[in-house]
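Just below is one structure, and these are the notes that go with it.
The values are calculated or read from the model by the stated rules, or taken from the named source; none is laboratory data. Model, not experiment: these values are computed from the prediction. Positions of Cβ are backbone-derived with ideal geometry, glycine not excepted, and every protein chain shown enters the neighbour counts.
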């Protein structure tokens with residue numbers, strides 16, 4: 001567990017490092033193609049993704065897991081992402097057996113966020129409810145056959161579909177943020193917002209109008225990103241991202257200069 005937790009309104013937010021690596025195979029492209037409109041100097045030569053999941057402890061000893069990482073060899077993202085994911089080892093390192101997770105929140109149903117939701121053909125968190133936006137569950141049925149067969153059907157009646165904003169446990173809410181996928185959602189706890197793939201690269205924090213090649217609806221994704229970041233900055237919130245090097249980032253500190261490391265909060 002390379003990153004230190006933070007406390008937000010009585011909830012401990014523990015970053016879990018599932019994997020680190022570059023895109024491979026069918027998704028690998030030059031960075032200016034992946035982020036059209038960005039200055040290549042802002043992007044750098046190599047994009048090394050950090051695959052973060054988040055464990056929320058409390059209130060009332062409830063355990064909420066946000067995203068489940070890449071999963072094992074053969075999981076839906078294994079043709080392009082580094083496998084196997086280390087989520088189970090990360091949970092073990094913080095003393096949390098999978099059976100103790102009460103709620104699994106999936107920001108969206110791309111393979112690198114849902115691959116660890118199933119283990120050896122069974123739900124990995126057998127006592128948890130799995131929360132996704134209804135719009136996401138409807139979309140995935142049409143777009144991602146491997147995810148349907150290996151993940152969605154296996155979870156079965158443990159799904160808890162939500163629509164829009166919902167409070168999952170006291171103090172932990174999800175909000176619908178479409179664009180990257182139709183049912184993408186973010187998670188808010190105290191002054192912290194867990195952003196999923198609302199942001200992929202730090203350049204988008206400084207310049208939210210920069211598009212991402214693999215957004216389902218790039219125009220909607222930009223609109224959502226601008227709206228959400230304006231709201232978060234206005235209230236001085238911190239974000240917890242899925243793929244930045246450091247998990248926690250202060251939105252108020254981002255500027256167009258130094259975007260690659262803007263606002264990152266050192267561990268501790």
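The number of residues in region 126-148 that are more than 18 Å from the chain's Cα centre (by Cα), surrounded by fewer than 17 Cβ atoms within 10 Å (Cβ to Cβ) and either modelled with pLDDT of 80 or more or within 19 Å of residue 178 (Cα to Cα) (or both) comes to 6. The lone criterion from (1) out of contact with any strand residue (DSSP E or B) (no Cβ under 9 Å at 6 or more places or on another chain); (2) within 30 Å of residue 149 (Cβ to Cβ); (3) surrounded by fewer than 18 Cβ atoms within 10 Å (Cβ to Cβ) left unmet by residue 21 is number (1).
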